[in-house]
Amino acid sequence: MMIGVIFRPSHIEFEHSITVLHSMNNTDLKQLRRSWLMQGSIPESARLANLSKPVLNSWQRCLQFGLEANQKSLPENILTGSNLSARVEQRQELIRLVQPNMTYLHSLIAGSGGMVLLADQHGVIVHAIGDSEFVPKADRVLLTKGASWLEQHRGTNAIGTAIVEGGPVVVNGAEHFFETNSFLSCAAAPIYQPDGKVVGVLDISSDARVFHPHTLGLVKTTVHSIERQLFSQSQNRYAMVISVAPSPEGISSVINGLIGISEDGLILGIDRFAMGYLGIGDIDISSLKIQQIVDHSLGRMMDYGKGKTAGNIHQLNTYTGRPLFFSFQYTKLSQFDAATSTMSDTAIAKAEPDSIVESIEENVTLRGVSKKVIDKTIAQNKGNISKAARILGVSRTTLYRYLKSSTD
C-alpha cells in the first residue's frame, strides 16, 4: 500500500459485491434467532451455517437498539400529510430520474407478487410501484410511502441494512429481525452520487415464497444505470472524463468505469466500477489525483484527451502494477491548456516534451494535495524523495521546493 495513493480493497467493486445467499429455510432461521436471543451470543450453528455476514451484523445492531424479534408493537415512524409531501418534494429530482428505471424494473417482475421501492438516504420510502395483490400485505408492515426502514425502526431489512453496509444486500424471509416481516424477501442497493455520497436506495420486495436469487442482479444493474445518469448530470464539473476497464473491449461496454477529474488531476467524481478497478474508496474522492494512482504523467494523460487522440484507448498500469485500459476526453478548456498557451511557440519548439510537462505540473500537481498526504507518502517510502515524488506525480525538484516552502 502506498500513500497519497491510499490504495485499499474496495468493498464496492461490482463483481465482488453480491451478498452471499444461504440454504437455510425459514424454520431453521427462526430457531437459530430464538436460540441466539436466549443465549445472548451467536450460536456456533450460525457460524457454521451459510448465513451472510451483513445479516449477522444487522442482528447484533438490532439487539444494541433494544429491539425484540417477536415484539408486536412496532414504532410507526411514518411521514404523512404535509410532512410527507415536503419530503417527496425535496427528493423530486431523484424521483424523476429513477422513476422510469423503476417502471421498467417493475415490468420485469410484474405478476410475481412484489413491488419496487425508492428510499432516500435516510431510509424513508419516497416512491413505490407494486402489484395490486401484494400492496395490501406490504401496507400491513408499513412497507409504504413515507415509512422509515432504517434498522433502528424496522430491524434487519434490505433498505436499512444496505445503507449501513454501504452495498447491495439480500434479506430473505426469517433473516428479517422482526418476525412480522419474515414473509418478505427483499433485495436492495444504495445509489451513489459521483462524489461518493449515498442519495437513495433501490429495493425490490416480494413474498419470500417466490424469492429468486437473480433479483439482486436486477437491482444492481438498475442502480448502475442510475449512477451513470447521475455522473452524466455532473459532467460539466469536470475538466476531463476518463473511461477505464480491465480490457479494451470493456471501454465501450456496460462494465466501463467513469472518472471525472479537475485540471490538476484531482478526482472529483467516480462511479463504483472505476473505484473497484483502481482500488480506492469514497474517502479518496476529492483527495487523490489520477496521477497518484496511475503510473503515468498527468501531462501525457491530458494530451490523450485532446484532438484526434481523444477517445483512443491506452493501456496503463496503476502503481500497484495492475494493467488497465483508459480513454480520455476533455469536456471543457482546462487550466493545463491555459498554462501551455502562455508558453511561446519558440520555447515549446526548443523544449523537450518531458520538460514542458514537468514545468506545467510543477505549477498544478501539488495543488489540492494536503500536507498530511504528502508527509505520509514520504514516510511510507522511508524518506526516499525520488520515489515519493514519482508516486505524487511531480519532479523531485518540485517536491524539494514544496518541502522547503512548507518549513519556511
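Considering every residue within region 287-298, establish whether at least one is crowded, with 24+ Cβ neighbours inside 10 Å and part of a loop (DSSP other than H, G, I, E, B). Checking region 287-298: at least one residue is crowded, with 24+ Cβ neighbours inside 10 Å and part of a loop (DSSP other than H, G, I, E, B). The set of residues in region 170-197 being buried (at least 21 other Cβ atoms within 10 Å of the Cβ), free of Cβ contacts under 8 Å to residues at least 60 places away in the same chain and more than 25 Å from the chain's Cα centre (by Cα) consists of Asn181, Leu184. Of all residues in region 113-133, those satisfying the criterion of being modelled with pLDDT of 95 or more and either more than 20 Å from Ala189 (Cα to Cα) or in a strand (DSSP E or B) (or both) are Met115, Val116, Leu117, Leu118, Ala119, Asp120, Val124, Ile125, Val126, His127, Ala128, Ile129. For region 198-216, state whether one or more residues are assigned by TED's automatic domain parsing to the domain that holds Pro136, polar (S, T, N, Q) and out of contact with any Ser or Thr (no Cβ under 8 Å at 6 or more places or on another chain). No: region 198-216 contains no residue that is assigned by TED's automatic domain parsing to the domain that holds Pro136, polar (S, T, N, Q) and out of contact with any Ser or Thr (no Cβ under 8 Å at 6 or more places or on another chain).
So, Leu150, is that one on the phi > 0 side of the Ramachandran plot and of a type in the set (A, V, I, L, M) or not? No, not satisfied. Scanning region 262-274 for residues that are farther than 15 Å from Thr222 by Cα, under 17 Å from the mean Cα position of the chain (by Cα) and surrounded by 24 or more Cβ atoms within 10 Å (Cβ to Cβ) yields Ile267, Ile270, Ala274. Considering Leu94, Leu105, Leu56, the condition of being part of a helix (DSSP H, G or I) and either free of Cβ contacts under 8 Å to residues at least 40 places away in the same chain or not assigned by TED's automatic domain parsing to the domain that holds Asp203 (or both) is satisfied by Leu56 alone. Applying the criterion of being basic (Lys, Arg) and over 17 Å from Asn157 (Cβ atoms) to the residues of region 30-77, the residue that is modelled with the highest pLDDT is Lys72. Which residues, taken from region 372-396, are loosely packed, with under 13 Cβ neighbours inside 10 Å, part of a helix (DSSP H, G or I) and at pLDDT 70 or above? Selection gives Ala379, Ser386. Select from region 313-338 the residues that are in a loop (DSSP other than H, G, I, E, B) and surrounded by 13 or more Cβ atoms within 10 Å (Cβ to Cβ) and write down the one among them that is modelled with the lowest pLDDT. So, considering only residues that are in a loop (DSSP other than H, G, I, E, B) and surrounded by 13 or more Cβ atoms within 10 Å (Cβ to Cβ), the one modelled with the lowest pLDDT is Ser334.
The residues listed here are Ala189, Ala174; of these, the one that is of a type in the set (Gly, Ala, Ser), out of contact with any Phe, Trp or Tyr (no Cβ under 9 Å at 6 or more places or on another chain), assigned to a helix (DSSP H, G or I) and within 27 Å of Gln152 (Cα to Cα) is Ala174. Looking across region 224-237, the residues that are part of a helix (DSSP H, G or I), within 16 Å of the chain's Cα centre (by Cα) and in contact (Cβ under 8 Å) with a residue 40 or more places away in the chain come down to His224, Ser225, Ile226, Glu227, Arg228, Gln229, Leu230, Phe231. Of everything in region 93-109 that is under 14 Å from Val199 (Cβ atoms) and touching a strand residue (DSSP E or B) at 6+ places or on another chain (Cβ under 9 Å), the residue that is surrounded by the most Cβ atoms within 10 Å (Cβ to Cβ) is Val98.
Matching residues to (1) crowded, with 21+ Cβ neighbours inside 10 Å; (2) more than 21 Å from the chain's Cα centre (by Cα); (3) aromatic (Phe, Trp, Tyr); (4) more than 21 Å from Gln64 (Cβ to Cβ):
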site: Ala128; (1), (2), (3), (4): yes, yes, no, yes
site: Lys137; (1), (2), (3), (4): no, yes, no, yes
site: Gly146; (1), (2), (3), (4): no, yes, no, yes
site: Gly155; (1), (2), (3), (4): yes, yes, no, no
site: Ile159; (1), (2), (3), (4): yes, no, no, no
site: Val164; (1), (2), (3), (4): no, no, no, no
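Close contacts from region 123-138, counting a first residue that is under 16 Å from Gln90 (Cα atoms) and a second that is of a type in the set (Phe, Trp, Tyr) and crowded, with 19+ Cβ neighbours inside 10 Å, with Cβ to Cβ under 9 Å and a gap of 6+ residues or different chains, come to Gly123/Trp149; Val124/Trp149; Ile125/Trp149. If you check Ile242 against the conditions, is it of a type in the set (A, V, I, L, M), in contact with a helix residue (DSSP H, G or I) (Cβ under 9 Å, 6 or more places away or on another chain), in contact (Cβ under 8 Å) with a residue 40 or more places away in the chain and assigned to a strand (DSSP E or B)? Answer is yes for this residue.
The values are calculated or read from the model by the stated rules, or taken from the named source; none is laboratory data. Predicted, not measured: the structure shown is a model, and the values here were computed from it. Counting neighbours? That spans all protein chains shown, and the Cβs are built from the backbone with ideal geometry, glycine included.
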